[in-house]
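J.: One structure, as structure tokens, below. Some questions next.
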Amino acid sequence: MLKTEEELLKKLSIADLERANAYAKDLGRGLQIVRSFSQGVTFFGSARLAQNNKYCKMAYKLGGLLAENGHTVITGGGPGIMEAANHGAYELGGRSIGLNITLAHEQFPNPYLTDCITFEYFFARKVSLAMSAKVFVFFPGGFGTMDELSEILCLMQEAKMPKMPVFLIGKDYWKAFDKIIGKMMMLKLINVKDAGIFTITDDVQKVVDAANKIGHPKISENFYDGFREASSLATK
């Protein structure tokens, strides 16, 4: 016989309850900062690239273009691609958000942030990065970037989050990923329409155009508001 949720909750240890409270606190802090600015463009990419790297230069240029057009720039708040995007936005007087995290190495707040919060847990940070966005931009990166990309694509594929433009910047870098997607379609592991969730390009202006097309949501509004109810109705 399956145990009810109430019965299972009664069996939680003090340590489990403390852990759950810590998770909730971290997520709550993240959602609080998300509600302090208009949804903008969230950047993902490597923390290990130097600022003179070609992809960092592209991220810097894009950050500036977005700021010029009044769009908030959101990153993980660290070095590499994140710093470049924040730098571009900050230099042009734009809102430059850093959703940082405590790590043993590589991750420290870059100096080009108008707003910054440091998370303890990856999941809370990832939720906040997603809820901050009306457009997603992925630059070359390692395991962390691939984790974030695959999760965003999966959530959109399964209608667990609103469909939003997703750009992968750097044709040369992402061509191997595109090849894997083609293999998945050939083996019928995904549908052809799933490959249309993202766009691979070297043209950062396309990101700006997509953000301009969506416009500037009010700070009091978020594309996720009401989305849970809409998706749950579809399953009834």
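Each value in this text was obtained by applying a stated rule to the coordinates, not by laboratory testing. Keep in mind that what you see is a predicted model, and the values were worked out from it rather than measured. No Cβ is skipped: glycine too gets one built from the backbone with ideal geometry, and neighbour counts run over all protein chains shown.
J.: Compute the length gained on full extension between residue 68 and residue 206: take 0.36 nm times their separation in residues and subtract their Cα-Cα distance, giving the result in nm to one decimal.
T.: On the way: separation 138, 0.36 × 138 = 49.68 nm, distance 1.47 nm.
Length gained, residue 68 through residue 206: 48.2 nm.
J.: Provide 164, 186 in ascending order of the number of other Cβ atoms located within 10 Å of each residue's Cβ, fewest first.
T.: Least crowded to most crowded, the residues run 186, 164.
J.: Still on this structure: Got a sec? Which residues in region 115-132 would a label at residue 25 touch, if it sits 7 Å along Cα→Cβ and we count backbone N under 19 Å?
T.: 117-126, 128
J.: Could you tell me the calculated FRET efficiency between residue 172 and residue 194, based on Cβ-Cβ distance and R0 = 25 angstrom, to the nearest 0.05?
T.: The value I calculate is 0.65.
J.: Would you mind getting me the FRET efficiency between residue 57 and residue 158? Use the beta-carbon distance for r and R0 = 41 Å, nearest 0.05. Could you put the intermediate results ahead of the total?
T.: Values: r = 35 Å, r/R0 = 0.86.
So the FRET efficiency works out to roughly 0.70.
J.: Let me ask something else. What are the residues whose amide H is under 5 Å from the amide H of residue 167, where those residues sit 5 or more places off or on another chain and H is modelled from the backbone?
T.: Here 136, 137, 138, 199 satisfy the definition.
J.: Nearest 10 degrees, 0 to 90: what angle lies between the long axis of helix 81-91 and the longest principal axis of the chain (Cα atoms)?
T.: The angle comes out near 60 degrees.
J.: List, in order, the whole-Hz ³J(HN,Hα) value for each residue of region 190-196 obtained from phi through the Karplus relation with A = 6.51, B = -1.76, C = 1.60 and θ = phi - 60°; use x for Gly and Pro.
T.: Residue by residue, region 190-196 yields 9, 7, 4, 5, 5, 5, x Hz.
J.: Okay, next question. Give me the compactness ratio for region 145-236, meaning the Cα radius of gyration over 2.2 N^0.38 Å.
T.: Ratio of Cα Rg to 2.2 N^0.38 Å: 1.24.
J.: If packing is taken as the average count of other Cβ atoms within 10 Å, what order do 77-84, 117-124 fall into, highest mean first?
T.: For the peptides 77-84, 117-124, the packing ranking is 77-84, 117-124.
J.: What nm distance separates the two modelled labels at residue 146 and residue 225, each placed 7 Å from Cα along Cα→Cβ?
T.: 3.8 nm
J.: If you don't mind, another one. Check the straight Cα-Cα distances from residue 11 and name the lysines below 28 Å, setting aside those fewer than 8 residues away within the same chain.
T.: Straight-line reach from residue 11, under 28 Å: 3, 25.
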